[in-house]
Amino acid sequence: MERRFLVVIAILGSLLLDGGAVGATATASIRLDGNGLGIVSFGASSSSVTNRLTAVLGAPTGHPSAGCAGDYSQVAWHDLIAQFRNGRFSGYRYLAGGPAGVSPTITTLRSATVPKLATATGITLGDTFAEVRRAYPVLRQSGSDFWRTASGIVFAFDAPTDPVATSLIYEIKNDACPAAL
């Protein structure tokens, strides 16, 4: 009995050191939500959000300008940008190509996004308008190519001639300052 217990401890320790199951669980817990990012909620301090996301995603890759009037700041982890107002977590942007943006094509949207994140219903960059409509039957158009869920998540689509069949998500955001829209 004692030997089996030690073997289990050794296996669990190996997983922890290698980032195995624990790493996968932590990354999966970052979710594009209506009230934050799954592991952090809107209103939390910028330092606690940055520390929590850094623990899962590694060091930030930049501090791009928010481009908004007032006391806004941003911290980026590749394609994920956390936005802060007056030192509090106020919004996020999950944008193909991060702060620089990229041309929204199937290749850039489905293969070049880091970290790989999704909403609770599994919607992510590169998904189509039809997939979003199935996952979120109640959507409100909030701009020419922007659609908002009841919880506040906004999906930005490229603008082909047939949006239901071919329009792709190039950005998912929530409560981003107006200039970031």
Rounded to the nearest 0.05, what FRET efficiency do ALA130 and SER41 have when you use their Cβ-Cβ distance and R0 = 25 Å? 0.25
Can you put LYS173, LYS116 in order, fewest other beta carbons within 10 Å first? LYS116, LYS173
Test of understanding: ordering GLU171, GLU131 by Cβ neighbours within 10 Å, fewest first, what list do you get? GLU131, GLU171
Please compute the Cα-Cα pair-distance distribution of the range 31-175 with 5 Å bins starting at 0, giving whole percents from short to long. 2, 10, 20, 23, 21, 14, 8, 2, 0
³J(HN,Hα), Karplus 6.51/-1.76/1.60, whole Hz, each residue of the range 80-88, x for Gly, Pro: 9, 10, 8, 10, 10, 10, 6, x, 10
Estimated vicinal HN-Hα couplings, Hz - the range 57-72 in sequence order (Karplus 6.51, -1.76, 1.60; Gly, Pro = x): 9, x, 4, x, 9, x, 10, x, 5, 6, x, 10, 5, x, 8, 9
How far apart, in nanometres, would the label points at VAL138 and ASP71 be if each is projected 7 angstrom from Cα along the Cα-to-Cβ direction? 3.5 nm
Place a point 7 Å from the Cα of ASN86 in the direction of its beta carbon; the residues of the range 28-44 whose amide N falls under 15 Å from it are 43-44
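The numbers here are math on the coordinates, done by the rules we state, and not lab data. Quick caveat, the model's predicted, so the values are computed rather than measured. Glycine gets a Cβ as well: all are built from the backbone with ideal geometry, and neighbour counts include every protein chain shown.
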